[in-house]
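In what follows, a single structure is set out as structure tokens and then discussed.
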Amino acid sequence: MNTPSLRETARAMVAPGKGILAMDESTPTCGKRLEAVGVENTEENRIAYRSLLLGTPGLGDYISGAILYDETLRQQSAEGVSFPQLLQQQGIMPGIKVDTGAKELALHAGEKVTEGLDGLRERLEEYRGFGARFCKWRAVITIGEFKPSIACLQANAHALARYAALCQEAGLVPIVEPEVLINGAHTLETSYDVTVETQRRVFDQLYRQDVDFAGMVLKPSMVISGTDCPQRAPMEEVAEQTLRCLQQTVPAAVPGIAFLSGGQGDEEATRHLNAMNLLARERALPWRLTFSFARALQNPALKIWQGEPANLDPARKALLARARLNALASSGEYNE
Ligand code: 13P
């Protein structure tokens, strides 16, 4: 069997009518999600929850790839099938989060830089051995008084580009995720300015590191008002300004843009994605616009499950419903 090229894999990740399931929560973050529904953060419960997600019949109809966390790639599902195998059975490509987290940026209180470059080449080899086809690295940009600093933007853009180059060298597609956080009282205009500046620096660094734009996927946040903004901009404005930002920053060679949900409500994220695809269709934009949601796909299922085996089927139905609706939104065909 021929190994698909980087570019083929990147295109398959953003195939029409499909998106990406982000389920790469680190053990502490997964714990927060589980504890919010009264489930203890044990390995057994994490396996049970991730088996629920990946064992959902029909998931592969809407999901091209799933981003896993290191421990999940090495575990077996509750039914005794390895998680990468379970994914293969569903026709879903396995991906892996490879950064080691956002840490405090020295001399810049309240700002973060994502770490994980040391030893990454060796880890990528190992992940390939487990069947991973793509990777993810998330940079976090905070909006606030005097934030983001140039130091923060530049350190994160540089790290993202070095990560992306290492991935491509290893034959893995990098998902490049610069997340401008929704937290704060900022307006949509500020979100626009910060997101343009962030993405410009990211693509500049990707170019300088010789990353092939056709063999990567961008995972940005939407241009959106902060959660504490007194007057939050409407859906049409989010769609319009997010597209304007992408047009100012993203090369046409990038095959697809897979948005994060970033704490938006699940229906809100779906409506925004749909609105962007309606506009993108009119304007014949060059990239596929789809989703790589974690919370906006998982939350309804998690709330129904609550760790009870008896709730497995309704929880899976809820996940499949969100996956289907987001798949529709990724083609501008969501109208519920
Ligand atoms: P959310 O969709 O919950 O923002 O998560 C996406 C993700 O993968 C963050 O890194």
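Assorted remarks:
- Phi-based couplings in Hz for segment 296-311 (Karplus 6.51, -1.76, 1.60; Gly and Pro marked x): 5, 9, 8, 3, x, 5, 5, 5, 6, 5, 6, x, 9, x, 5, 8
- GluC sites (Glu not before Pro) within segment 127-201, DSSP loop, no more than 11 other Cβ atoms inside 10 Å: E145
- All Cα-Cα separations within segment 60-165 were binned at 10 Å from zero, giving a P(r) of 14, 37, 26, 17, 5, 0, each value a whole percent of the pairs.
- Other residues with beta-carbon under 12 Å from the beta-carbon of N183 carry, at +1 per Lys or Arg and -1 per Asp or Glu, a net charge of -1.
- Charge tally for G38 (other residues, Cβ to Cβ under 11 Å; Lys, Arg +1; Asp, Glu -1): -2.
- Computed per residue of the chain from DSSP H runs no shorter than four, each worth -39500 (n - 2.57), the mean residue ellipticity at 222 nm is -14500 deg cm²/dmol.
- Using R0 = 41 Å, the C-beta based FRET efficiency linking K317 and D204 works out to 0.40.
- Counted residue by residue at 0.36 nm each, then reduced by the alpha carbon distance between them, the extension gain from N183 to E333 reaches 51.0 nm.
- Sites excluded, chymotrypsin sites (Phe, Trp or Tyr not before Pro) in DSSP loops with at most 15 other C-beta within 10 Å, longest stretch of the chain: 147-336
- Taking amide H atoms as placed 1.01 Å from N in the peptide plane, the amide H of E177 lies under 5 Å from those of W137, A139, K219, each 5 or more residues away in sequence or on another chain.
- Taking amide H positions as modeled 1.01 Å from N, with prolines and chain starts lacking one, no residue 5 or more places away or on another chain lies under 5 Å from S5.
- When each of T187, T114, T27 is scored by the number of other beta-carbon atoms lying within 10 Å, the sequence from fewest to most is T27, T187, T114.
- Distance cut-off 28 Å, percentage of C-alpha pairs in segment 142-286 lying past it: 18 percent
- For the residue pairs K136/K303; K112/K303; K32/K97; K18/K219; K97/K317; K103/K303, alpha carbon separations beyond 20 Å are given by K136/K303; K112/K303; K97/K317; K103/K303.
- Relative contact order [Cα under 8 Å, 6+ residues apart], the chain, whole percent: 19 percent
- Ascending count of other beta-carbon atoms within 10 Å, so fewest first, for C245, C30, C167: C30, C245, C167
- Taking segment 25-61 and a reference point 7 angstrom along Cα→Cβ of Q306, the backbone N atoms nearer than 19 Å belong to 32-42, 45-46, 48-50, 52-53.
- Segment 285-336 - convex hull of alpha carbons, volume per residue in Å³: 72 Å³
- Taking amide H as placed 1.01 Å from N in the peptide plane, I63 has its amide H under 5 Å from the amide H of G19, each at least 5 places away in sequence or on another chain.
- Subtracting the Cα-Cα distance of Q76 and T42 from 0.36 nm times their residue separation leaves 10.8 nm of extension gain.
- Debye-formula intensities of the chain, expressed as log10 I(q)/I(0) at q = 0.07, 0.09, 0.12, 0.15 Å⁻¹, are -0.25, -0.43, -0.80, -1.32 (one equal scatterer per alpha-carbon, no solvent).
- Orientation-averaged projected area, Cα convex hull of segment 144-218 (nm²): 5.0 nm²
Read the figures in this text as sums done on the coordinates, not as results from a lab. Everything numeric here is computed off the predicted structure, so don't read it as measured data. Positions of Cβ are generated from backbone atoms using ideal geometry, with glycine treated the same way; all protein chains shown enter the neighbour counts.
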